[in-house]
Amino acid sequence: MPKDDTIRAASITRAEIEQIVRSVVTAQLAMPELRVDASARHLHLCQEDLDTLFGKGHELHVHRPLYQEGNYAAQETVTIIGPRSRLISNLRVLGPLRKKTQVELAFTDAISLGLDLPIRISGDTAGTPGALLMGPRGVVELKEGVIRAAIHVHMNPAEASHFGVRQGDMMKLRIGGAAAVTFERVAVRIDPTSRLNVHMDTDEANACGLHLTKDIELLK
Ligand SMILES: [Zn+2]
């Protein structure tokens, strides 16, 4: 190192060091742009139901990776049949597999199937309606697990501390534009592997004209 640089390095003041540290920390805390996705109707499968619907030992094929790390839309689809034999075909399977099968529909889908759905956080399916699922190799009579997923926001612990929220808290999502709406109850879901991302269903996205605006704000 040239001599004059050595002198400069030695003479950095405490204030200068603090300024450098501050700028590094601020950069690390900078929030990524808020991403809001509309989830089309879909289902998650457990191993047993995958085997029944697609054949023993079947493995899901990735159709398209989703924004949340490790999650994907599979190539596989099933047909869901409601209580009065009305059905929706091409219901997409999302991977990876889960412990319990769960179907997530918009209210519009539920009405066309003749199902009266509760709004639930993913995984909370006790006492929810069931349906018949039909795959290429078999049929599953799902006793419960059909829900309208509550609008929610995924975030990691650093993002949660930035917003000052905890697991299960409710936040507000203000959508601007021509069909401006504020969602008052956006459930916070914190996981170390998550990326900041709001999930709403297609009814919600259509109601607020999500595709029409970038003026979106997540508020505590
Ligand atoms: Zn989600």
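The table that follows gives values for the structure above.
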| read-out | value |
| --- | --- |
| Prolate/oblate/rounded call for the chain, Cα gyration tensor, a/c under 1.5 rounded | prolate |
| GNM top mover of 16, 159, 141 - the chain, alpha-carbon springs below 10 Å | 16 |
| Accessible area expressed per residue, region 48-189, with surrounding protein chains retained (probe 1.4 Å, Å²) | 51 |
| Close Lys-Lys pairs in the chain, where close means Cα under 18 Å and separation is 8 or more or interchain | 6 |
| Fully extended contour minus Cα-Cα distance, from residue 206 to residue 14, at 0.36 nm per residue | 63.7 nm |
| Calculated from backbone phi, Karplus (6.51, -1.76, 1.60) coupling profile of region 181-192 in Hz, x at Gly/Pro | 8, 10, 7, 8, 10, 9, 6, 8, 10, 9, 8, x |
| Global form of region 72-196, assessed from the alpha-carbon gyration tensor, a/c cut-off 1.5 | prolate |
| Accessible surface of the chain, 1.4 Å probe, proportion on carbon and sulfur as whole % | 53 |
| Between region 88-122 and region 161-220, the Cα center-to-center distance that results, in Å | 20 |
| Hz values of 3J(HN,Hα) by residue in region 110-118 - Karplus curve (6.51, -1.76, 1.60), Gly and Pro given as x | 4, 5, 5, 8, x, 10, 9, 9, x |
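The values are calculated or read from the model by the stated rules, or taken from the named source; none is laboratory data. The structure presented is a predicted model; accordingly, all values stated were derived computationally and were not measured. Note: areas computed on protein heavy atoms with side chains; ligands, DNA, RNA excluded. Shrake-Rupley method; radii C 1.70, N 1.55, O 1.52, S 1.80 Å.
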